[in-house]
Amino acid sequence: MSAAPEYDHGELDEHYKYPVPPPGGWTADDLDRLPDLPPHTELIDGSLVFVSPQLKFHTRTMWLLENALLSQMPGDLEVDREMTIKLDKRNRPEPDLLVYRAEADTGIDQTWFKPEDVVLAIEVVSEDSLERDREVKPRKYAAAGVAHYWRVEKDDGLPVVYVYELDPATEMYTGTGIYRNRLKVLVPFPVDIDLTGINRGR
């Protein structure tokens, strides 16, 4: 039997005290009250989820999609990266990108959006988020009424976009396409994105 692989997890900060959850777990409002949380901490089923450092692919994919959406979306919509959605008391996930109704913007101190204001949630899959992005988050986004969901994965160095649309009768997503090299859809608004652009200079 081969030995288990060894991983370098880095040195833990001995002075950092991880927050101990109260009975029943954390609530969505706790994310704004807990001090010194790591960046991009999410709340899933009352538990805090910490995000690992991301690969360059993740950053470049977000940049590519964000810029394309900004240039093609209608004026009554906005796009932001890494803002949370308060789905309910125990769930406040943070999509990598979200498109929302412009009237839902309350200013620079805003930290979350209501699900009914979110038109599209986008997750760029990382090694540590695979199950959350494929199973947990789309199930919760759909149940909360987020109409469109894109999951982006890496294949041969390029983004592949899996596109889903909400079936309101079942409150579940239906896959409407898998896009390689070029993403061209009509909903939630017409958008045409050259996915190979991830390799171009900024």
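Summary of values
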| quantity | calculated |
| --- | --- |
| Output for segment 132-182, where each listed residue is surrounded by fewer than 19 Cβ atoms within 10 Å (Cβ to Cβ) and of a type in the set (Gly, Ala, Ser) | Ala143, Gly145, Gly157, Ala169, Gly175, Gly177 |
| Checklist (1) closer than 20 Å to Val146 by Cβ; (2) open to solvent by 30 Å² or more (accessible area, probe 1.4 Å); (3) not charged (D, E, K, R) applied to Leu48, failing item | (1) |
| Failed item in (1) open to solvent by 20 Å² or more (accessible area, probe 1.4 Å); (2) touching a Ser or Thr at 6+ places or on another chain (Cβ under 7 Å); (3) hydroxyl-bearing (Ser, Thr, Tyr), with Thr59 passing the rest | (2) |
| Flag for Asp76 being touching a residue at least 12 places away in the same chain (Cβ under 8 Å), farther than 30 Å from Asp192 by Cα and open to solvent by 60 Å² or more (accessible area, probe 1.4 Å) | no |
| All positions within segment 164-195 that are in a loop (DSSP other than H, G, I, E, B) and not aromatic (Phe, Trp, Tyr) | Pro168, Ala169, Thr170, Glu171, Asn181, Leu186, Val187, Pro188, Pro190 |
| Within segment 84-126, tally of residues that are open to solvent by less than 10 Å² (accessible area, probe 1.4 Å) and either part of a loop (DSSP other than H, G, I, E, B) or acidic (Asp, Glu) (or both) | 3 |
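The values are calculated or read from the model by the stated rules, or taken from the named source; none is laboratory data. Just so you know, these numbers come straight off a predicted model, no measurement behind them. Because the Cβ atoms are built from the backbone with ideal geometry, glycine has one as well, and the counts that use them run over all protein chains shown. Quick note on the areas: whole protein, heavy atoms, side chains included, nothing else; ligands and nucleic acids left out. Shrake-Rupley method; radii C 1.70, N 1.55, O 1.52, S 1.80 Å.
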